[in-house]
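Peer 1: Structure incoming, see below.
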Amino acid sequence: MTRFGSRDHLFPTRVVLPLLTIVSALLLQAVAARPSAAEPGLESMADTYLRALLEGDGPTVRRLTPDKPENKFGPCPFAEMPRLENPRADLHRAAIMFTGRMRDQGVPGEGAIILTMLDNVKGNPWRVRQIGFFTKLPLGLSIPSRSITRKDRAQEPLVVEAAGRYVAAWLKGDYITMEDLAFNWLARLRPRPQPVTVSSIDFAFTPSLGGETKINFIARVRLYHALPKTLDGTLFAMREQGQWKIRATQLTL
């Protein structure tokens with residue numbers, strides 16, 4: 001499990017596996033549909049990706065992640081620069097809330113940008129880890145409630161700057177800058193210290209912005225081969241050089 005900082009719990013009862021960009025669990029719907037014949041190989045690829053992510057199989061996840069920056073981040077959901085407010089930092093993690101107008105009316109116009117601080121970096125050390133669109137903080141989405149120490153409060157202007165530059169680059173389609181401002185979680189993906197056994201996964205496939213396919217899923221898993229849990233989330237898939245790849249996802253467990 002990739003952690004935000006030294007104050008995080010490794011594997012709480014309900015946790016979001018953090019990736020670059022997420023859509024809140026409030027947007028998820030019950031799923032059971034299967035893909036159409038026009039999407040050959042998509043369900044198999046999504047199943048392979050999800051199982052590899054749960055197991056911390058970095059090579060497989062990297063193989064099924066887009067190489068081109070524009071495919072990694074996808075179309076910008078913001079219609080204009082949102083209002084950024086209430087930044088807060090806690091050691092190596094930070095968050096800032098946003099409100100604004102979305103391109104897709106089905107996406108909430110508010111949420112949080114979550115960042116991670118990199119060590120030994122010149123200039124602004126904060127990188128965007130994920131963006132959550134929600135009207136109410138989802139269970140398991142761990143963000144600082146406030147900046148507690150003077151040192152944490154001193155980081156707030158840098159958090160505002162990093163988040164603002166990231167969204168501004170996204171609005172302009174400047175994916176190279178986005179990649180520089182994003183936290184590279186893939187490089188740190190490692191096998192899970194606790195076994196996760198997948199019992200079954202149900203998928204539903206719907207069109208999304210920019211010709212992508214949104215894949216909602218519900219997976220039934222077991223932790224330590226015994227404890228049953230239900231996991232839900234969203235994947236975004238597109239074709240890159242004729243191959244299906246996964247852009248971003250949210251998982252809650």
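Peer 1: Would you calculate the convex hull of the Cα atoms in region 73-187 and tell me its volume per residue in Å³?
Peer 2: Convex hull of Cα atoms, per residue: 111 Å³.
Peer 1: Ok, one more. What's the exposure ranking of 239, 93, going from fewest to most Cβ atoms within 10 Å? Provide the component values of the computation, followed by the final result.
Peer 2: Values: 239 15, 93 24.
Arranged by neighbour count, lowest to highest, 239, 93 become 239, 93.
Peer 1: Then there's this: Tally Lys/Arg at +1 and Asp/Glu at -1 over every other residue whose Cβ is under 12 Å from the Cβ of residue 100; what's the total?
Peer 2: 0
Peer 1: Give the shape of region 115-170 as rounded, prolate or oblate, defined through the alpha-carbon gyration tensor: a ≥ b ≥ c are the square roots of its eigenvalues, a/c under 1.5 means rounded, and otherwise the shape is prolate if a/b is larger than b/c and oblate if not.
Peer 2: Oblate.
Peer 1: Further, regarding this structure: Efficiency by 1/(1 + (r/R0)^6): what FRET value for residue 47 and residue 101, r their Cβ-Cβ distance, R0 = 41 Å, to the nearest 0.05?
Peer 2: Values: r = 36 Å, r/R0 = 0.87.
E between residue 47 and residue 101, to the nearest 0.05, is 0.70.
Peer 1: Just to confirm a number: summing +1 for Lys and Arg and -1 for Asp and Glu over residues other than residue 65 whose beta-carbon lies under 10 angstrom from that of residue 65, what do you get?
Peer 2: +3
Peer 1: Along the charge dipole of region 132-253, Cβ charges K/R +1 and D/E -1, which of 196, 185, 233 sits furthest on the positive end?
Peer 2: Looking along the dipole axis, the top candidate is 196.
Peer 1: Taking the Cα centre of region 157-226 as origin and charging only Cβ (+1 Lys, Arg; -1 Asp, Glu), how large is the dipole, in debye to the nearest 20?
Peer 2: 400
Peer 1: When the Cα centres of region 171-188 and region 107-148 are compared, how far apart do they sit, in Å?
Peer 2: Region 171-188 and region 107-148 have Cα centres separated by 15 Å.
Peer 1: In straight Cα distance, which aspartates and glutamates are under 14 Å from residue 68, not counting same-chain residues fewer than 8 positions off?
Peer 2: 174, 179, 180, 240
Every number in this text was worked out from the coordinates using simple rules, so none of it is lab data. Here the structure is a predicted model, which means the values were calculated and not measured. Backbone-built Cβ (ideal geometry, glycine too); neighbour counts: all protein chains shown.
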